[in-house]
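What follows is a set of notes on a single structure, which appears directly below.
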Amino acid sequence: MLAVCSMFNLDSEYGTAGDQEQAIAKLVEQIESSQERCILMGVTGSGKTFAMANIIERLGIPTLILSHNKTLARQLWQEISELFPSNAVEYFVSYYDYYQPEAYIPGRDLYIDKELQMNERIEQERFSTVASLVSRPDVITIGTVSAIYGLNPPEVFQQNHLRLEVGQESDPQEIVRELVGLHYRRVSGEITRGDIRLRGEVLDIWMPSRDDPIRVRFGWEGIEKIQVCEAVSWEVLDEFEEAWIHPREFYMTSEESFNLAIEDIEHELDDRVDWFQKKGMDIEAYRLEGRTKFDLEMLTEIGSCKGVENYSRHFDRRSKGERSFCLLDFFSSNAEQFHGGSDRYLVIMDESHVTLPQVGGMYGGDFSRKKNLVDHGFRLPSAYDNRPLRIDEFQDLVPKMVYVSATPGERELRHLAEVTSQAVPEELLHVGGGGGSRNPDSKKKISSSTMEQTISKIEGVVRMEIRPTGLLDPEIVVKPTKGQVQDLISEINERVEKDERVLVTVMTIKFAEEVADYLDRNGIKAHYLHSEIDTLERTEIIKALRLGHIDVIVGINLLREGLDIPEVSLVAIFDADKQGFLRNERSLLQTIGRASRNQNGIVILYADSISPSMEAAMSQTISRRKRQDSHNKIHRIVPRTIQKALPTMGAEVGSLLAGTAGKGAKGGKRFVGKTRSKKGVTGLAQKFSLGAGMWNTSDSVLDNVSQPEFEPEEVEGETVITDQEQLVSKLEREMRAAAERLDFERAAQIRDRILQLHNPTN
C-alpha cells in the first residue's frame, strides 16, 4: 500500500440540517465519555449515512461500518467514498457473501466445493483493507458481518512486508528474492496480480490488493523512481517516494512455525484416521487421509493450498477452541499503532435490528456446516477453529459501538440500558443481555409493549426524525383485501402517469412472481425481486426501476432496509394484518419508510383487520408526521422530493466487477486505474449473466433497458464483441449441475433463459 498520512476530512457541499446536528453532537459526547454502546434511531431519509460521516470526522478514529447485506454495504461504501475522497475508504466482504462455501449434504451424499469464480476480486478488496489498516491511520471500512471470520494475525502481516523508497541502495535481485519469500510469482512475460517481473533495471510488482501495478526503476545509486502504472498501457499514473509491499498470501508464517504447523497437522491426521478406523468408518478415513495429504503436499511445495484457512489454528499456534483472529484485531492494532490505544476505534452497526441477530447466528451456522465436513472425513477437527466469532467474543472485542436503525431491536435497547446502568424494562427480559452475549432472564416475554413505549423507558436513545428535505412520513391508507389487485392496478396507473414508481410487498416468493407476471400481462412494466435473484442483478433491477424501464417491483423483505429510491411514491403491502416476522411492527415501519423519500409518498395497507403491529406502526408514523409538519411550519420549510442522480445501467456493475467504483484515482482509493477495461461493462454483464445484460437479449418488458455507452474497441486488430455462445455454454453447464443435485426448479429457470437467448424475438 502506498504510504499516505492524513486524518479524516469530510468533503461535502452540504452541512447538517434538520435534527442531525443535535444527534451527532449527542452521540459524539456519549462516545467520548466512554459510553460503550449508543443507539441512533434515525427515520428513513433522515441522513443516517451523513450523520455517520460527521461522527467519524469529529472522533478522528478508524471506523468499521457493518451491514447485514452486501448490497447495502456496497451502497454505503459508495456514499462514504464520496464523502471522504482523501481517506482510505475500504470495502470488506467475503466470498461467502456471494457464493456457497465448502459444504457436504449427507442425505444426498453431495459435496459442494468452494466456488472460486470471483474470489480473486474479493480477495483483492480484502487485501486492500488489511494493507491500509497496517499502514495508515485514516481507515474507514464498510463490510458485512463476514468481518468476524478468521484472518491471519495482524502482527504476521506487519512483519512480512517490504518497504521500498526512492534513494534506497538495493540490488534488484535481492529485492526479487525478498518478494519471492512473500510468495510472489516471478514471471518473464505477461504480468498479473501477485506477479513480479524484472527486466534489466526495471522491476514490476503487482500487489494482489491493487488494480494498478507498481514499477520500480533502478539507477547507479539504487532506486530512482517508484511509479504507479496503468495495467494495460503501462502509462505512468503517479509517482511516490515510498511504497509498502504486502505479502501475496493472507496466511503467512515463519519457516519454524510453518514446519511446526505441518507436524501438528500430520499428528492430527494420524489421530483422526485411527479414530475413524476404530469406528469402522473406513471410507471416511480413506477420504480424510487422501485429501489432507494432498493439502500437505501443496503446502510443502508451494506454501499454500486450497482451503488453507481450515488449518489456520496450527499456523497461528492457537489452542483448541481459541477464537481466530479477525478484522477487529487489525482495527485494534491500527488504533494502538496510530491513535494511542487499542480501544481507539469505532464500530457502527447499520440496520442493527437485523445485523446484530445475524452476527449472533453466524457461529451456529458455520459450526453446523463444518460438523458435516468433519464427521464425514472432508476436514480435520481443527477446521472448527477456522470460524467466525461467537456473539460474546464479538461484544467483548468491540470497545465502542453505535447501533443505527430506524427501528432499534430489543437486544440493542437492553444493551444500552445495561451499559448506562438503567433498569431493564420487563418486556426486554426475554432477550439476551450484553447485546445477545448473555442468556436472557426469562424464557418468554413477561409483558407486551410497542417499540415506542419501550424506548420511552430507556434514556439515551438519540433520535433523528426531522429530514433535511422537509419530507414527512408518508400517508397511510388501509384498504380491504377484496379486489386488492384491481385496486392496485388503478393506483399504479396513476403513478405511471406522473412518472413515479411503485413497490409492492407480499408474503411469498411464488406470490411475488405471480403478481409481477399478472401486472406485466396487464400492460404494467413490473419485475419481482427476492432472495433467489443474484445480488448484482438485484442492483440492476432497482436501477431499472429508477430509470423508468420498469414501473413496479414486487418483493418480500428485500424491499425494506436501506433501499434508497426517491422515485417511489407508493408502497403497497399485501396481507398487512398477518402477524409474523414479515408483518411485525419493525418490518411494517421499515417497509413504510420506503415511501418517505418522495413528497407524494403514500402507503396502502391491504388488510381485513387492524393487527396490533399495524396499529403500532401507524401510530408512530402519524405521530412523527405531526412533529415533522410542525417543524416545517416553524422553519418555513417546503417538503421536496430528494433529488438523486440517475444511475447508468451496468455502470456500477462493471465497476464492482472491476473493483474501481468510486470517485477518482487519488485520495486513498484502493485502485488507481483511470481507464476502463478494454472489454467494457457489456461483456462483463453478459459473462456473469447480469440483469441488464440478460434483459437486452430477451423479449421481456425490459427489452429497452439501456446498456453502458461503450463502443466496441479494437484490441490488437480484433473487435471485442459479446460472446453469446460462451454464455449459453455456461448456462447449460449450470442447468445440468442443477439437475444433478435435483434442483429442478432452478434447472427449469436456466433452461428458459437459454431459450430466450436462442430465440430473442419469440
All but one of (1) more than 25 Å from ILE550 (Cβ to Cβ); (2) among the basic types (Lys, Arg); (3) not in a strand (DSSP E or B) hold for ARG495, so report the exception by its number. (1)
Considering only region 137-241, give the strands (runs of 3 or more DSSP E) lying wholly within it that have at least 3 residues that are of a type in the set (D, E, K, R) and without any contact (Cβ under 8 Å) to a residue 12 or more places away in the chain. 195-199
Using beta carbons and a limit of 9 Å, which pairs, at least six apart or on different chains, have the first residue in region 504-520 and within 18 Å of ILE542 (Cβ to Cβ) and the second one of a type in the set (Lys, Arg) and at pLDDT 90 or above? LEU519/LYS525
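Have a look at SER333, SER342 and point out the one that is part of a loop (DSSP other than H, G, I, E, B) and either closer than 29 Å to LYS400 by Cβ or not hydrophobic (A, V, I, L, M, F, W, C) (or both).
On the way: SER333 fails: part of a loop (DSSP other than H, G, I, E, B).
Only one candidate passes the filter, namely SER342.
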Taking LYS320 as meeting all but one of (1) closer than 27 Å to LEU64 by Cα; (2) modelled with pLDDT under 95, write down the number of the exception. (1)
Boolean, TYR98 is at pLDDT 85 or above and farther than 30 Å from ARG177 by Cα: no
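Would you check if there is a residue in region 120-129 being in contact with a helix residue (DSSP H, G or I) (Cβ under 6 Å, 6 or more places away or on another chain), more than 13 Å from HIS246 (Cα to Cα) and not in a loop (DSSP other than H, G, I, E, B)? Before you say what the answer is, go through the steps one by one.
Filtering region 120-129 down to residues in contact with a helix residue (DSSP H, G or I) (Cβ under 6 Å, 6 or more places away or on another chain) leaves 122.
Keeping just the survivors that are more than 13 Å from HIS246 (Cα to Cα) gives 122.
Now drop any that are not not in a loop (DSSP other than H, G, I, E, B), which leaves 122.
Within region 120-129, one or more residues are in contact with a helix residue (DSSP H, G or I) (Cβ under 6 Å, 6 or more places away or on another chain), more than 13 Å from HIS246 (Cα to Cα) and not in a loop (DSSP other than H, G, I, E, B).
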Report yes if ASN9 is of a type outside the set (Lys, Arg), surrounded by fewer than 24 Cβ atoms within 10 Å (Cβ to Cβ) and either farther than 15 Å from MET349 by Cα or at pLDDT 95 or above (or both), otherwise no. yes
Return the only residue of ALA692, ALA661 being at pLDDT below 50, closer than 30 Å to ILE122 by Cβ and not in a loop (DSSP other than H, G, I, E, B). ALA692
Residue satisfying all of: in region 536-564; under 19 Å from LEU472 (Cα atoms) and crowded, with 20+ Cβ neighbours inside 10 Å; modelled with the highest pLDDT among these: LEU563
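Residues to consider are GLN22, GLN30, GLN75; find the one that is out of contact with any Pro (no Cβ under 8 Å at 6 or more places or on another chain) and free of Cβ contacts under 8 Å to residues at least 24 places away in the same chain. It would help to see each step written out before you state the result.
Details: GLN30 fails: free of Cβ contacts under 8 Å to residues at least 24 places away in the same chain; GLN75 fails: free of Cβ contacts under 8 Å to residues at least 24 places away in the same chain.
Selected residue: GLN22, the only one of GLN22, GLN30, GLN75 that is out of contact with any Pro (no Cβ under 8 Å at 6 or more places or on another chain) and free of Cβ contacts under 8 Å to residues at least 24 places away in the same chain.
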Selection from region 62-89 of residues that are closer than 16 Å to MET349 by Cβ and in a loop (DSSP other than H, G, I, E, B): PRO62, HIS68, ASN69
Against the definition (touching a residue at least 40 places away in the same chain (Cβ under 8 Å) and more than 27 Å from PRO213 (Cα to Cα)), how does SER324 come out, yes or no? yes
Scan region 415-460 for residues that are at positive phi and assigned to a helix (DSSP H, G or I) and report the count. 3
Search region 27-43 for residues being at pLDDT 95 or above and of a type in the set (Val, Ile, Thr), and hand back the single one that is surrounded by the fewest Cβ atoms within 10 Å (Cβ to Cβ). VAL28
Would you point out the residue of region 21-38, among those that are among the hydrophobic types (A, V, I, L, M, F, W, C) and assigned to a helix (DSSP H, G or I), that is nearest to ALA53 (Cα to Cα)? ILE24
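Looking at LEU373, LEU389, LEU346, LEU380, can you tell me which residue is under 26 Å from GLU32 (Cα atoms) and among the aliphatic types (A, V, I, L, M)? Show your work before the answer.
On the way: LEU373 fails: under 26 Å from GLU32 (Cα atoms); LEU389 fails: under 26 Å from GLU32 (Cα atoms); LEU380 fails: under 26 Å from GLU32 (Cα atoms).
Sole residue among the options that is under 26 Å from GLU32 (Cα atoms) and among the aliphatic types (A, V, I, L, M): LEU346.
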Quick check on region 51-72. Is at least one of its residues charged (D, E, K, R), at pLDDT below 90 and under 28 Å from PRO566 (Cβ atoms)? yes
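The values are calculated or read from the model by the stated rules, or taken from the named source; none is laboratory data. What you see is a predicted model, and the numbers here were worked out from it, not measured in a lab. Don't worry about glycine lacking a Cβ; one is built from the backbone with ideal geometry, like all the others, and counts go over all protein chains shown.
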